[in-house]
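Below you'll find the structure, written out as structure tokens, and then a few comments.
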2 protein chains.
Amino acid sequence: MISGLNQELADNFGIYIKNQALLDEAFTQASYVNEHPNQGLKFYERIEFLGDAVMQLVVSNYIYRRYPQMPQGRLTRLRAAMVNENSFASFARECHFDQYIRLGKGEEKAQARQRDSLLCDIFESFIGALYLDQGLDSVVKFVTQVVFPKLDEGRFDEFFDHKTELQELVQKNGSVDIDYRLLNEEGPDNDLAFQVAVYVDDKLLGKGTGHSKKHAEQNAARHALENLKAEE
Amino acid sequence: MISGLNQELADNFGIYIKNQALLDEAFTQASYVNEHPNQGLKFYERIEFLGDAVMQLVVSNYIYRRYPQMPQGRLTRLRAAMVNENSFASFARECHFDQYIRLGKGEEKAQARQRDSLLCDIFESFIGALYLDQGLDSVVKFVTQVVFPKLDEGRFDEFFDHKTELQELVQKNGSVDIDYRLLNEEGPDNDLAFQVAVYVDDKLLGKGTGHSKKHAEQNAARHALENLKAEE
């Protein structure tokens, strides 16, 4: 039995998985089952299959509602930025899931515990276990704490275009002028900082800084979006 | 406004979409919106994005529970057999969704209404609209009428291996002998029919016929599975 995990889940997320067997299954790799035969152990893969689909829906539903103007193509790219091995592995680490995985000795030696692909699987199988134990609402509650705040922290910004989002939002009722103006440029040549302001129909909506004009514009657009949402 | 569809949904599936605007959006292609500017029309793509994820979860959840011994790899293949353009297009036709799509004139001429890719999109966008209007339970109710019965009708049999499923089921508590025996072979050379019986530890569990031994064996395994499930 995997112990300590439920306590940590309760402390950090207000979650308690009632079915301990399910939690054990979700954190057990096949290599561990092979080394402990005849104990009726199960490994995580089936639950991971389910957890993967649960995450797809929970993330799709969230971004569909949060970005009511975003076209399908960008929704799909944003979802792909959020639902992938790299980001799931980092969520698993943040939740300390790596500490609780049951691995065979060979896999342990091969440092599988730190491997993104395994951590991603375990994040999905945890989601699957939570879904089976408590239903979709509990998953939404957990993901709202662990995943969605990363959108606001800019974790997916590489894939995420605030300038386009701002344009979609302000132009939904017709054409407007959007203008990015360089306010300032300072610092040594190898560490320049740009400050940019964004004006919509000559009204200042946001400011942003960055080490390139492009970055500063993205930050200004993001700032403008925050201001517009605060006004709603 | 798309009329008639809600009546047909009510008659055939006991479903009524309360939000007519959502239903209109789900059945409207971009080409129609382009031909009718300034009417505030929306096309189906965003709802389809959501419906795709809804279907993935609903199907995953169903096969996860229905086949408790099936390993992840086969679950994934079965889901792919059920959740794809070809099968969704056929479900859309069965539901007469093709009759209700709003298309631009060019697309109509190009016979887009009969195109699998469009029909698949529309099936997904309908699922998305149903989900937004009434939640996941209503989608499950609909899919239980339209999609899941096809599993029993053998629609996904090409991708679905009853012999392996039978083996997994009867061997879950240890090794047993599974034996397929040819009972009969009859008909003209160009239309031979084989009859096969499957025995598990020398007990007759099922019989099947087919135009090849392989097909007859699959049908015998399927028959055995039905018998075993009836006994449960």
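Tabulated data for the structure shown
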{"read-out": "Globularity ratio of chain A, using Cα Rg and 2.2 N^0.38 Å", "value": "1.26"}
{"read-out": "Calculated over segment A:91-217: convex hull of Cα atoms, volume per residue (Å³)", "value": "163 Å³"}
{"read-out": "J(HN,Hα) series, segment A:183-188, from Karplus relation 6.51 cos²θ - 1.76 cosθ + 1.60, nearest Hz, glycine and proline x", "value": "8, 7, 8, 9, x, x"}
{"read-out": "Hz values of 3J(HN,Hα) by residue in segment A:69-74 - Karplus curve (6.51, -1.76, 1.60), Gly and Pro given as x", "value": "9, 6, x, 3, x, 6"}
{"read-out": "Label 7 Å beyond Cα on the Cβ vector: A:ALA193 copy-to-copy distances, nm", "value": "8.4"}
{"read-out": "10 Å Cβ shell holding at most 11 others, DSSP loop, trypsin sites (Lys or Arg not before Pro): longest site-free stretch of chain B", "value": "B:19-171"}
{"read-out": "Proxy reagent accessibility, fewest Cβ within 10 Å first, across B:MET70, B:MET82, A:MET1", "value": "A:MET1, B:MET70, B:MET82"}
{"read-out": "Helix B:116-134 vs. chain B, principal-axis angle (Cα, 0 to 90°, nearest 10)", "value": "80 degrees"}
{"read-out": "Relative contact order of segment B:162-231, pairs being alpha-carbon contacts under 8 Å that are 6 or more residues apart, as %", "value": "28 percent"}
{"read-out": "10 Å Cβ neighbours from other chains, averaged over peptide B:50-60", "value": "6"}
{"read-out": "Quarter of Cα convex hull surface for segment B:46-123, i.e. mean projection, nm²", "value": "5.7 nm²"}
{"read-out": "Radius of gyration and maximum dimension Dmax of segment A:18-82, Cα, Å", "value": "17.4, 55"}
{"read-out": "Inter-copy spacing of B:SER90 label points, which lie 7 Å from Cα along Cα→Cβ, given in nm from shortest upward", "value": "4.3"}
{"read-out": "Helical contribution to [θ] at 222 nm, DSSP H n ≥ 4, -39,500 (n - 2.57), averaged over the protein assembly as shown, rounded to 500", "value": "-17000 deg cm²/dmol"}
{"read-out": "Space enclosed by the convex hull of the alpha-carbon atoms of the protein assembly as shown, per residue, Å³", "value": "218 Å³"}
{"read-out": "Under Karplus coefficients 6.51, -1.76 and 1.60, residue-wise ³J(HN,Hα) of segment B:88-98 in Hz, glycine/proline x", "value": "5, 4, 5, 5, 4, 5, 4, 8, 6, 4, 4"}
{"read-out": "Nearest-to-axis residue of chain B, judged by beta-carbon position, where the axis maps B onto A, in Å", "value": "B:LEU57, 2"}
{"read-out": "Taking B:TYR32, A:TYR44, B:TYR131 and counting other C-beta atoms within 10 Å, the order from fewest to most", "value": "B:TYR32, B:TYR131, A:TYR44"}
{"read-out": "Prolate/oblate/rounded label for segment B:51-96 (Cα gyration tensor, a/c 1.5)", "value": "prolate"}
{"read-out": "Of A:LEU228, A:ALA10, A:PHE160, farthest towards positive along the dipole that unit charges on Lys, Arg, Asp, Glu beta carbons give chain A", "value": "A:ALA10"}
{"read-out": "Overall form of segment B:162-231 per C-alpha gyration tensor (a/c, 1.5; a/b vs b/c)", "value": "prolate"}
{"read-out": "Kirkwood-based Rg to Rh ratio, segment B:83-128, C-alpha trace", "value": "0.95"}
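Only the coordinates and a few stated rules stand behind these numbers; no lab work does. Everything numeric in this text was worked out from a predicted model, so none of it was measured. Virtual Cβ from ideal backbone geometry, glycine too; neighbours counted across all protein chains shown.
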